[in-house]
1. Would you be able to say whether some residue in segment 12-34 is within 11 Å of the ligand (Cβ to nearest atom), in contact (Cβ under 8 Å) with a residue 24 or more places away in the chain and assigned to a loop (DSSP other than H, G, I, E, B)?
2. Might you check whether a residue that is open to solvent by less than 50 Å² (accessible area, probe 1.4 Å), closer than 25 Å to E136 by Cβ, modelled with pLDDT of 95 or more and within 13 Å of the chain's Cα centre (by Cα) occurs anywhere in segment 11-21?
3. Within segment 79-118, count every residue that is within 10 Å of the ligand (Cβ to nearest atom) and out of contact with any Phe, Trp or Tyr (no Cβ under 7 Å at 6 or more places or on another chain).
4. Could you grab me the full set of residues in segment 37-60 that are surrounded by 12 or more Cβ atoms within 10 Å (Cβ to Cβ), within 8 Å of the ligand (Cβ to nearest atom) and outside any strand (DSSP E or B)?
5. What are the residues in segment 22-35 that are of a type in the set (G, A, S) and crowded, with 16+ Cβ neighbours inside 10 Å, if any?
Amino acid sequence: MKEINLTIPVKEYSSEAELPAADRELVEAAKRATDGSYAPYSHFRVGAALRLANGKIVAGANQENAAFSAGTCGERSALYYAAANYPGVRIEKIAIAARTDSGFQKEPISPCGVCRQALMEYETRDGDMEAILYGEDRILSLKNIKSLLPLCFTEF
Ligand code: THU
């Protein structure tokens, strides 16, 4: 037996102003996307914006439902829109932001396990998808989705 350590390289930015201009634009799109959230139950509005290899930015937001399991996260809302409308086009980057009625989250919002798995499917097919996790106090940037899901299930 030997013990191994799995490490995740993460870039941390102290504010939006520190981000490269293209990433700032994507974060702004994710923040705007929270306006499209339907969250009457949690009041937690999640927006996600994707930069596609064809230059387009597409966005999505969480959609809740009285039958809770019928709802979906902001990340998958954006992901499936992109996959359905731009089939085969690589998703280069995803930015995620979340807010309540009192404002944007101070700490970065990170995708749930199901969204990580869903995002990774397209990353495995098309190549690395960077992730920008927005928080008012700091922003984290990861070079791919797989780093958010170590020892993941990829194929059968
Ligand atoms: N939510 C997302 O949209 N993305 C995540 O990564 C985590 C959670 C949504 C689901 C639900 O509508 C609300 O946030 C509260 O959990």
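1. Looking through segment 12-34, none of the residues is within 11 Å of the ligand (Cβ to nearest atom), in contact (Cβ under 8 Å) with a residue 24 or more places away in the chain and assigned to a loop (DSSP other than H, G, I, E, B).
2. Among the residues of segment 11-21, not one is open to solvent by less than 50 Å² (accessible area, probe 1.4 Å), closer than 25 Å to E136 by Cβ, modelled with pLDDT of 95 or more and within 13 Å of the chain's Cα centre (by Cα), which makes the answer no.
3. Total meeting the criteria: 7.
4. S37, A39, S42, F44
5. A29, A30, A33
The values are calculated or read from the model by the stated rules, or taken from the named source; none is laboratory data. The shown structure was predicted, so the numbers you read here are calculated from the model rather than taken from an experiment. FYI the Cβ positions are ideal-geometry reconstructions off the backbone, even for glycines, and counts take in every protein chain you see. The area values use the complete protein model at the heavy-atom level, side chains included, leaving out ligands, DNA and RNA. Shrake-Rupley method; radii C 1.70, N 1.55, O 1.52, S 1.80 Å.
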